[in-house]
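Quick note: the coordinates plus some simple rules give every number you see, no bench work behind them. These numbers come from a predicted model, not from an experiment. Cβ placement follows ideal geometry from the backbone for every residue including glycine, while neighbour counts extend to all protein chains displayed.
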Amino acid sequence: MMHLLGVQSMTNGETIMASAEIEAPVERIFSALVKREIEQWWGSADTYRMADWSADLRIGGRWTVVVRMADGRDLPAGGEFLEIESPRRIVQTRAYGWDHPTLGRRQTTVAWLLAPTARGTRLTICHGGFAGLGDAATEHAEGWGRVLAWLQAYLEAERLAAA
């Protein structure tokens, strides 16, 4: 389990649950998740950055991304939107377009749940489909903790700049 700036991430080996409290309205966070601005906050110089993100934000619509690794490799991923309830919920499939060392090209499902709180929004990610691949689940749980921390830092910087 990972705790960072109120970020929690855990797995039972089959499903990942990660959550964070973010001081921003639900609508602002939803926008940061579905618009091209995702390339500005998702990643870091020492891990990877998102590039070429695109999404057809409707049920049945496709999304694609290229992840640019710190070593310069470009790794594609993508999926389909299964449910969209703006600004509260997104459910999408996800699969790598390359042979991930622990997950391969297995399709998994990611649900983003946004709930208003007194201080902003509780963003919860539920990522399922790892049955039999405990190492992949553990690795992805750590990854979701990083993603939430990146989003939290990005929106915090924006909030401080506006103050």
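General remarks:
- Number of positions in segment 23-47 that are touching a residue at least 60 places away in the same chain (Cβ under 8 Å), surrounded by fewer than 15 Cβ atoms within 10 Å (Cβ to Cβ) and within 17 Å of residue 75 (Cα to Cα): 2
- Condition check for residue 106: within 20 Å of residue 138 (Cβ to Cβ), out of contact with any Phe, Trp or Tyr (no Cβ under 6 Å at 6 or more places or on another chain) and among the basic types (Lys, Arg): yes
- Between 17, 50, the distinction of being in a strand (DSSP E or B), free of Cβ contacts under 8 Å to residues at least 60 places away in the same chain and either over 26 Å from residue 83 (Cβ atoms) or of a type outside the set (Gly, Ala, Ser) (or both) belongs to 50 only.
- Strands (runs of 3 or more DSSP E) wholly inside segment 60-163 that include at least 3 residues being aliphatic (A, V, I, L, M), touching an Asp or Glu at 6+ places or on another chain (Cβ under 6 Å) and surrounded by 15 or more Cβ atoms within 10 Å (Cβ to Cβ): none
- Test: residue in segment 16-25 that is farther than 25 Å from residue 162 by Cα, over 15 Å from the mean Cα position of the chain (by Cα) and not small (Gly, Ala, Ser): no
- Number of positions in segment 115-163 that are among the acidic types (Asp, Glu) and closer than 20 Å to residue 100 by Cβ: 3
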